[in-house]
Amino acid sequence: MADEKAATLRQCIKCQGAVSHAPAPSMGCAAGWATATMTPGYVTAQQGVSCNEPLKRPCTNRFRDEGLEAVGHIDEEGRDLDPLADGFTESRCIGICDATIAACYCDGPRFGRVNPPKGSPPATPPLRRGRPLGNHLCQPSDDGKGNALPWGQVPWDDLYGPEGWCMADDPKFTCPCMY
């Protein structure tokens, strides 16, 4: 029964971007937490019994050049630090990033993601999941102020306008499920 429940939680429910942060039966640790083994030159993250190390995967505009720390380009709430800054990875996000899995969700009052409070224990679910904004196929092509975002492909109003994916109960444009 626990295996079935974990599998169900991982599925995209009505394309609302549901993600399971519960421990997977075969892994032991919640998403974003691991037992890390450091070796000069690389880090091996293993799902272990202690699950004492955060294993962050923040949304970013670039890959790290060196070191062991993940390179993020988001603030404490998960918003891109500067949408006009150069750089692109598939995790670049104009919305709210879940930094445990580098997944992007809408921002805003109605269908925006609300991450768990800072300091929450591992596996704490978000206060609100939000609608998914998966990869560049569902990222804005402009910042809503007339500035182009060359890594996005969707007009701002299709996402954040009154009838947009992140704002309307019945949006004119819909993003595909990420999961």
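One table, with the values for the structure above:
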{"read-out": "Distance in nm between pseudo-label sites at D86 and D65 (7 Å out along the Cβ direction from Cα)", "value": "1.2"}
{"read-out": "Carbon + sulfur, % of accessible area of segment 110-179 - ligands and nucleic acids excluded, 1.4 Å", "value": "54"}
{"read-out": "Protection proxy ranking of 69-82, 127-140, 157-170 - average other beta-carbon atoms within 10 Å, highest first", "value": "127-140, 157-170, 69-82"}
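The values are calculated or read from the model by the stated rules, or taken from the named source; none is laboratory data. In this text the structure is predicted, and so the values were computed from the model without any measurement. Every residue, glycine as well, gets a Cβ built from its backbone with ideal geometry; the counts of neighbours run over all protein chains shown. Just the protein is used for accessible areas: all its heavy atoms, side chains included, with ligands, DNA and RNA removed. Shrake-Rupley method; radii C 1.70, N 1.55, O 1.52, S 1.80 Å.
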